[in-house]
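A.B. asks: Take a look at this one; I'll ask things after.
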Ligand SMILES: Cc1cc2nc3c(=O)[nH]c(=O)nc-3n(C[C@H](O)[C@H](O)[C@H](O)COP(=O)(O)OP(=O)(O)OC[C@H]3O[C@@H](n4cnc5c(N)ncnc54)[C@H](O)[C@@H]3O)c2cc1C
């Protein structure tokens with residue numbers, strides 16, 4: 001990213017970056033905007049029939065599904081009715097609607113915590129935050145550096161999980177002490193077993209009394225909400241920061257080999273059977289995701305090229321993806337909630353993906369050399385024939 005960007009860029013800068021990325025690789029010229037896909041079905045010979053929302057049908061040699069996994073809102077099943085303003089974090093845009101209101105945020109993932117903090121900053125009258133459990137809350141900066149950079153540094157040094165865990169726990173303890181001190185519930189799991197929560201301001205605002213942590217919501221009562229500790233609070237705005245369902249409305253569910261609540265894919269990317277169907281972006285790493293998507297795209301492109309020219313690495317990957325044997329958690333035992341069905345440990349995932357890319361690149365380079373050598377030999381033979389032909393021609397004339 002450009003050096004002048006701050007360490008945590010604004011969303012407008014992210015958009016600018018993504019546009020520059022697409023232009024750099026010439027992808028922008030190939031995107032057909034405002035062209036929703038309605039259906040994708042297998043055809044013969046590994047081809048796919050794609051039906052667009054406007055009814056047009058097209059045939060493609062390969063399909064990369066990249067529809068994102070943070071768009072289809074998941075709601076808790078709560079008894080009763082709420083008469084105030086309610087919406088899911090998926091449709092949250094600006095915080096001004098919180099000004100002067102009593103706000104309840106349900107869910108303490110990164111979105112829920114960010115929105116609760118936004119509500120305080122926007123001048124909400126009260127902010128309640130319902131948390132199902134206690135979480136380890138990492139500060140955004142450790143030793144003046146973004147926490148994900150420190151984590152990556154620890155991975156580069158090959159520090160074992162126990163040491164990474166201890167270092168992160170020490171950092172949390174030095175910066176904000178225990179959750180109990182801050183008035184937040186204590187975690188019921190070990191650090192890294194749930195998706196990392198990075199938020200320096202949540203404990204700060206809880207300690208200032210600006211955010212009031214609450215347990216589970218048990219019922220909606222018109223202009224109020226009831227909690228599992230028996231308390232009842234009047235609420236004007238209710239935000240469901242309760243996560244997303246992983247759905248692919250344009251694909252028959254049998255096509256994605258679903259198992260344990262998620263598509264059963266090698267590296268969450270390659271279909272074990274279909275060689276020309278991929279799902280990119282279907283991962284939830286415990287640190288930055290976007291750079292992994294770059295490597296996923298590279299792996300897909302190389303595999304398709306290897307298939308096309310019959311390189312042996314294509315068979316190698318075919319065999320590998322059928323077996324589906326990969327370890328993507330670096331020994332971390334993730335919480336079994338549906339929220340963690342796509343969780344991968346960033347370092348392990350990157351290593352596995354890089355291995356696939358390297359193997360394909362190595363083989364394709366060898367294939368390229370072979371083809372170039374054959375071409376050179378062909379052109380040598382050809383020039384030999386040509387000079388013989390010229391000599392023959394001159395002897396005749
Ligand atoms: C609050 C929040 C904060 C995040 N912060 C970070 C972060 O700091 N760092 C990071 O690396 N990641 C972060 N992520 C994750 C980030 O969203 C992903 O890394 C990234 O957006 C995934 O890109 P994607 O292309 O897979 O999916 P998306 O960005 O969701 O894009 C999917 C695209 O597919 C299109 N689409 C869907 N269905 C169809 C259809 N039927 N036909 C045609 N088009 C369709 C959609 O319109 C959309 O343009 C964050 C996510 C959230 C929700």
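The values are calculated or read from the model by the stated rules, or taken from the named source; none is laboratory data. What you see is a predicted model, and the numbers here were worked out from it, not measured in a lab. Cβ coordinates were reconstructed from backbone atoms using ideal geometry, including for glycine residues, and neighbour counts include every protein chain displayed.
A.B. asks: Quick check on my filter: what residues within segment 31-45 are within 14 Å of the ligand (Cβ to nearest atom) and without any contact (Cβ under 8 Å) to a residue 60 or more places away in the chain?
C.D. replies: Answer for segment 31-45, where residues must be within 14 Å of the ligand (Cβ to nearest atom) and without any contact (Cβ under 8 Å) to a residue 60 or more places away in the chain: 31, 32, 33, 34, 35, 36.
A.B. asks: Next up: Restricting attention to segment 76-90, which residues are over 26 Å from residue 338 (Cβ atoms) and either in contact with a helix residue (DSSP H, G or I) (Cβ under 8 Å, 6 or more places away or on another chain) or surrounded by 22 or more Cβ atoms within 10 Å (Cβ to Cβ) (or both)?
C.D. replies: Passing the criteria: only 85.
A.B. asks: Please verify whether residue 27 is modelled with pLDDT under 95, within 15 Å of the ligand (Cβ to nearest atom) and on the phi < 0 side of the Ramachandran plot, treating the condition exactly as stated.
C.D. replies: So residue 27 passes the test.
A.B. asks: When residue 334 is evaluated against the numbered criteria (1) on the phi < 0 side of the Ramachandran plot; (2) surrounded by fewer than 19 Cβ atoms within 10 Å (Cβ to Cβ); (3) modelled with pLDDT under 85, which criterion, by number, is the only one it fails?
C.D. replies: (2)
A.B. asks: Can you name the residue in segment 48-68 that is closer than 16 Å to residue 301 by Cα and away from the ligand (no atom under 12 Å from the Cβ) and, of all such residues, is surrounded by the most Cβ atoms within 10 Å (Cβ to Cβ)?
C.D. replies: Only one residue fits best here, namely 62.
A.B. asks: I need the strands (runs of 3 or more DSSP E) fully contained in segment 215-291, keeping only those with at least 3 residues that are more than 10 Å from the ligand (Cβ to nearest atom) and not assigned by TED's automatic domain parsing to the domain that holds residue 310.
C.D. replies: Fully inside segment 215-291 and qualifying: 217-222, 224-227, 232-234, 237-240.
A.B. asks: Just need a number here: residues in segment 85-102 that are in a loop (DSSP other than H, G, I, E, B) and either within 13 Å of the ligand (Cβ to nearest atom) or over 27 Å from residue 122 (Cβ atoms) (or both).
C.D. replies: 2
A.B. asks: So, one more: Determine if segment 294-304 includes at least one residue that is modelled with pLDDT of 70 or more, within 16 Å of the ligand (Cβ to nearest atom), under 30 Å from residue 138 (Cβ atoms) and surrounded by fewer than 14 Cβ atoms within 10 Å (Cβ to Cβ).
C.D. replies: Looking for residues that are modelled with pLDDT of 70 or more, within 16 Å of the ligand (Cβ to nearest atom), under 30 Å from residue 138 (Cβ atoms) and surrounded by fewer than 14 Cβ atoms within 10 Å (Cβ to Cβ), one finds at least one in segment 294-304, hence yes.
A.B. asks: Here's a follow-up. Quick one: residue 259 ticks every box in (1) modelled with pLDDT under 95; (2) touching a strand residue (DSSP E or B) at 6+ places or on another chain (Cβ under 9 Å) bar one, so which box is it?
C.D. replies: Tallying (1) modelled with pLDDT under 95; (2) touching a strand residue (DSSP E or B) at 6+ places or on another chain (Cβ under 9 Å), residue 259 fails exactly one: (2).
A.B. asks: Give 235, 239, 198 a once-over and let me know the one that is more than 26 Å from residue 77 (Cα to Cα), in contact (Cβ under 8 Å) with a residue 40 or more places away in the chain and buried (at least 17 other Cβ atoms within 10 Å of the Cβ). Steps first, answer last, please.
C.D. replies: Working: 235 fails: more than 26 Å from residue 77 (Cα to Cα); 239 fails: more than 26 Å from residue 77 (Cα to Cα).
It is 198.
A.B. asks: If you check 93, 102, which single one turns out to be surrounded by 12 or more Cβ atoms within 10 Å (Cβ to Cβ) and either in contact with a helix residue (DSSP H, G or I) (Cβ under 7 Å, 6 or more places away or on another chain) or outside the structural domain of residue 339 (by TED's automatic domain parsing) (or both)?
C.D. replies: So the residue among 93, 102 that is surrounded by 12 or more Cβ atoms within 10 Å (Cβ to Cβ) and either in contact with a helix residue (DSSP H, G or I) (Cβ under 7 Å, 6 or more places away or on another chain) or outside the structural domain of residue 339 (by TED's automatic domain parsing) (or both) is 102.
A.B. asks: Ok, one more. Report whether or not residue 265 is at pLDDT below 95 and touching a strand residue (DSSP E or B) at 6+ places or on another chain (Cβ under 7 Å).
C.D. replies: Against the criterion (at pLDDT below 95 and touching a strand residue (DSSP E or B) at 6+ places or on another chain (Cβ under 7 Å)), residue 265 qualifies.
A.B. asks: Go through segment 260-274 and count every residue that is more than 19 Å from the chain's Cα centre (by Cα) and surrounded by fewer than 17 Cβ atoms within 10 Å (Cβ to Cβ).
C.D. replies: 2
A.B. asks: How many of the residues in segment 108-147 are assigned to a helix (DSSP H, G or I) and either surrounded by fewer than 18 Cβ atoms within 10 Å (Cβ to Cβ) or outside the structural domain of residue 214 (by TED's automatic domain parsing) (or both)?
C.D. replies: 2
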